[in-house]
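The next block holds one structure in the form of structure tokens; read it before the comments.
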Amino acid sequence: MSDSIAIDAKGLTKRFGSLTAVDDLHLQIPEAAIYGFLGPNGSGKSTAIRMLCGLLTPTAGEVEVLGFRVKGQAEELKRHIGYMTQKFSLYEDLTVEENLRFLAAVYGLPRRDLKQRIDGALEEYWLTEQRKQFAGTMSGGQKQRLALAGATLHRPRLLILDEPTSAVDPQSRRDFWDILFALVEHGTTVLVSTHYMDEAERCHNLAILDRGRLVAEGRPRDLIRNINAGVVEIETASPRAARDCLEATDGVQSVAQLGTRLHALTDKAVEDPAGLIRRALEKAHIDSEVDSVTANLEDVFVAATRLNRHGGRETHAA
Amino acid sequence: MLRRLLAIAGKEVRQLKRDRLTFGMIVGVPLLQILLFGYAIDLDVRNVSAAVADHANTSLSRQLVASTEASQVVRITRSAAGPEELEALLDAGEIDVGIYIPHDFERRVMDADRPAGQLLINGSDPTVESIARRLTQMPLPGRAQPPPLFEARTYYNPERRSPVNIVPALIGVILHLTMVLFTAIAIVRERERGNLELLITTPVTSSELMLGKIIPYVIIGLIQVTLILWVSQWLFDVPVRGHVLDLYLASAFFILAALALGLTVSTLAKTQFQAIQLTVFTFLPSILLSGFMFPFEGMPRVAQWIGEAIPLTHFVRLSRGILVRGAELGELHAEIWPMLVFFTVFMIVATLRFSKRLD
């Protein structure tokens, strides 16, 4: 990781009519790292990403990407950005090779080493055998690799991925991330939006968005360490009753059920979170086993988005 | 710039080759239309079915009936007892013309002030009506006729063959239908399938995209013109009296106008189905007001103004001029610039609307 900044956004705001999709976003995204946007649907992830690469004009605020000012230099910027859309957006009735050739022409790549470059991309993304296959007939994982091959063919300095792995199996997802790490090693900055915790965990840096606002930012490990809540795990035979009981208890922010276990988040001010929970459940005569545990990213996510919902307090960890 | 344009055009051709339905329409629509219009539509109506009620029943009246049938305008299928039965037959739709010859036919013939007989004409079909009215001009058999006031000489199409009237205009109708439809669908399809979302992240500009999409269809349109000319010459002996090259040039201008309209449609429609609906919507006024179906001169002033704004109107005049009258494009230049204005206006509208939709 280098120390230089790939994206510098100040006070970025986007309003659609009366709806504020992104509200006063300040970001500094370092070069040659994977930066993740985590947030529920409608949290403004896609809008933020599109503004950062010049596809959308912000209502207010300024962005500088790779040294280009997005206002006025968006067209030049496009040559240095690779964008992978949420939905497969290459031509399904063209073959793998035809799609890549089309993109090469569109990006004005030199003709001399074109064949070499396409062969290289096909090999790198394990698509050599599919070269003559129509894109529409390929599997989800293959399509995704083709989309990535297309987005990186012109060797962009910034790669933007909008929920890239929503349509692929876990193994393909793992392969996909291996490729991303390799790209980062070669100096590419990667911006990815996701709502999968396991994906978010792999990012070097993470921003959690909720209703258009940045509610937490930092390295995943720091976010977990500095979570603004106590985390308690409850094992019980009657999870529904326990949940109802705890949700009515003062000092408990939220309760989430994971099979027979519950995860409860308590206010930071509570000194003995496990004790509070235990007492509340005993009072309600619910048999349970209660333990304080270390937070996971989902807890961080829930804590961050919950707080914003209740009082609008921000929790800038790290 | 040029490379990106060619990349888009080349991709469009590739996709087109694989889209069998569209590819079939390029050839199928012109062939079907020309066969339908060429064979099924004959404006020179013959053998309208008729019935006679002859109350005079003299040799003169029988002669009149015989020469009426000999004119081939009507074919007498029934005889009726009187005018009431003729009316009943008209109502039932069994005949289109009833010929009534009264008792005092011979005496009426002598009297120059009174008509000798009566025609009952089905006015619900304007073509039949105007044809049947020609019978009123028929001379009385065996009677010396005064010389006509005018001698009429019909130029360009003396045999009054329908294909000669219809085919030149039909080229425009076919081009309008296919060109507007293809381009309207082409961009909407790109949006529906999500390709547009990718394209806007690339250095492709909206005008490159628009032009790149248009170029292949200009060529396809000219291929269609060739096909129509060839079939209509081979099957219907439609003449090409002017320069073929002039016709191709005129067609190219018209195709550009139609494509610009198609692109505008595609920026309005959200789905391919809407694009088709909108195309039909633009198609009807063009057909009705262009002078293809109904004579331009007979339309009210406002309709004529609208008609002048429609590219098909000008193409119909150009095409009839070049093919049938043997005119040169230079003589008809007044018909070209309205199409260019139309093209420019709609191209600007489409490009502006398109760039707006990226945001």
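Do we have B:Ser207 as within 14 Å of chain A (Cβ to nearest Cβ) and among the hydroxyl-bearing types (Ser, Thr, Tyr) here? Yes; evaluated as a whole, the condition is true for this residue. Entry remark, the range A:150-205: residues being buried (at least 22 other Cβ atoms within 10 Å of the Cβ), within 14 Å of chain B (Cβ to nearest Cβ) and among the β-branched types (Val, Ile, Thr) number 1 in total.
One residue alone among B:Arg153, B:Arg161, B:Arg134, B:Arg193 is at negative phi, away from chain A (no Cβ under 14 Å), without any contact (Cβ under 8 Å) to a residue 60 or more places away in the chain and among the basic types (Lys, Arg), and that residue is B:Arg153. Filtering A:Leu94, A:Leu103, A:Leu161 for residues that are under 28 Å from the mean Cα position of the chain (by Cα), modelled with pLDDT of 90 or more and closer than 23 Å to B:Lys17 by Cβ leaves a single hit, A:Leu103.
Annotation: A:Gly44 fulfils all but one of (1) among the small types (Gly, Ala, Ser); (2) closer than 24 Å to B:Glu12 by Cα; (3) modelled with pLDDT under 90; the unmet one is (2).
Residue-by-condition table, conditions (1) in a strand (DSSP E or B); (2) charged (D, E, K, R); (3) within 14 Å of chain B (Cβ to nearest Cβ):
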{"site": "A:Ala21", "(1), (2), (3)": "yes, no, yes"}
{"site": "A:Leu27", "(1), (2), (3)": "yes, no, no"}
{"site": "A:Ala32", "(1), (2), (3)": "no, no, no"}
{"site": "A:Gly36", "(1), (2), (3)": "yes, no, no"}
{"site": "A:Gly42", "(1), (2), (3)": "no, no, no"}
{"site": "A:Thr47", "(1), (2), (3)": "no, no, yes"}
{"site": "A:Arg50", "(1), (2), (3)": "no, yes, yes"}
{"site": "A:Pro58", "(1), (2), (3)": "no, no, yes"}
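So which helices (runs of 4 or more DSSP H) are wholly in the range B:174-268 and hold at least 2 residues that are crowded, with 23+ Cβ neighbours inside 10 Å and within 22 Å of the chain's Cα centre (by Cα)? Because the criterion is at least 2 residues that are crowded, with 23+ Cβ neighbours inside 10 Å and within 22 Å of the chain's Cα centre (by Cα), the helices (runs of 4 or more DSSP H) in the range B:174-268 that meet it are B:206-236, B:244-268. Just one of the listed residues (A:Gly72, A:Gly39, A:Gly67) is of a type in the set (Gly, Ala, Ser) and crowded, with 23+ Cβ neighbours inside 10 Å, and it is A:Gly39. Check whether at least one residue in the range B:293-316 is assigned by TED's automatic domain parsing to the domain that holds B:Glu192, crowded, with 21+ Cβ neighbours inside 10 Å, of a type outside the set (A, V, I, L, M, F, W, C) and touching a Pro at 6+ places or on another chain (Cβ under 6 Å), and report yes or no. Checked the range B:293-316: at least one residue is assigned by TED's automatic domain parsing to the domain that holds B:Glu192, crowded, with 21+ Cβ neighbours inside 10 Å, of a type outside the set (A, V, I, L, M, F, W, C) and touching a Pro at 6+ places or on another chain (Cβ under 6 Å). Restricting A:Leu148, A:Leu209 to those that are touching a residue at least 60 places away in the same chain (Cβ under 8 Å) and closer than 30 Å to A:Ala295 by Cβ reduces the list to A:Leu209.
In the set (1) more than 14 Å from chain B (Cβ to nearest Cβ); (2) buried (at least 21 other Cβ atoms within 10 Å of the Cβ), the condition left unmet by A:Asp113 is number (2).
Using the structure shown, decide if A:Phe16 is within 14 Å of chain B (Cβ to nearest Cβ) and without any contact (Cβ under 8 Å) to a residue 40 or more places away in the chain. Yes: the conditions hold for A:Phe16. The number of residues in the range A:83-109 being in contact with a strand residue (DSSP E or B) (Cβ under 8 Å, 6 or more places away or on another chain) and either surrounded by fewer than 21 Cβ atoms within 10 Å (Cβ to Cβ) or at the interface with chain B (Cβ under 8 Å from one of its Cβ atoms) (or both) comes to 7. List every residue pair whose Cβ atoms sit under 8 Å apart, with the two residues 6 or more apart in sequence or on different chains, where the first one lies in the range B:266-279 and is over 17 Å from B:Met179 (Cβ atoms) and the second, anywhere, is not hydrophobic (A, V, I, L, M, F, W, C). That search, which allows pairs on different chains as well, returns B:Lys270/B:Arg191; B:Thr271/B:Glu192.
Number of residues in the range A:37-64 that are out of contact with any Lys or Arg (no Cβ under 8 Å at 6 or more places or on another chain) and of a type in the set (S, T, N, Q) equals 2.
Within the range A:1-28, being crowded, with 21+ Cβ neighbours inside 10 Å and closer than 15 Å to A:Ile208 by Cβ holds for A:Val22, A:Leu25. Yes or no: B:Ser79 surrounded by 14 or more Cβ atoms within 10 Å (Cβ to Cβ), of a type in the set (S, T, N, Q) and in contact with a strand residue (DSSP E or B) (Cβ under 7 Å, 6 or more places away or on another chain)? Judged against the criteria, B:Ser79 is not a match. Is it the case, given these coordinates, that A:Gly120 is surrounded by fewer than 18 Cβ atoms within 10 Å (Cβ to Cβ) and at pLDDT 90 or above? Here the answer is yes, as A:Gly120 does meet what is asked.
The values are calculated or read from the model by the stated rules, or taken from the named source; none is laboratory data. Just so it is clear, the structure is predicted and the values come from calculations on it, not from any experiment. For neighbour counting, all protein chains shown are included, and Cβ atoms are generated from backbone atoms with ideal geometry for every residue, glycine included.
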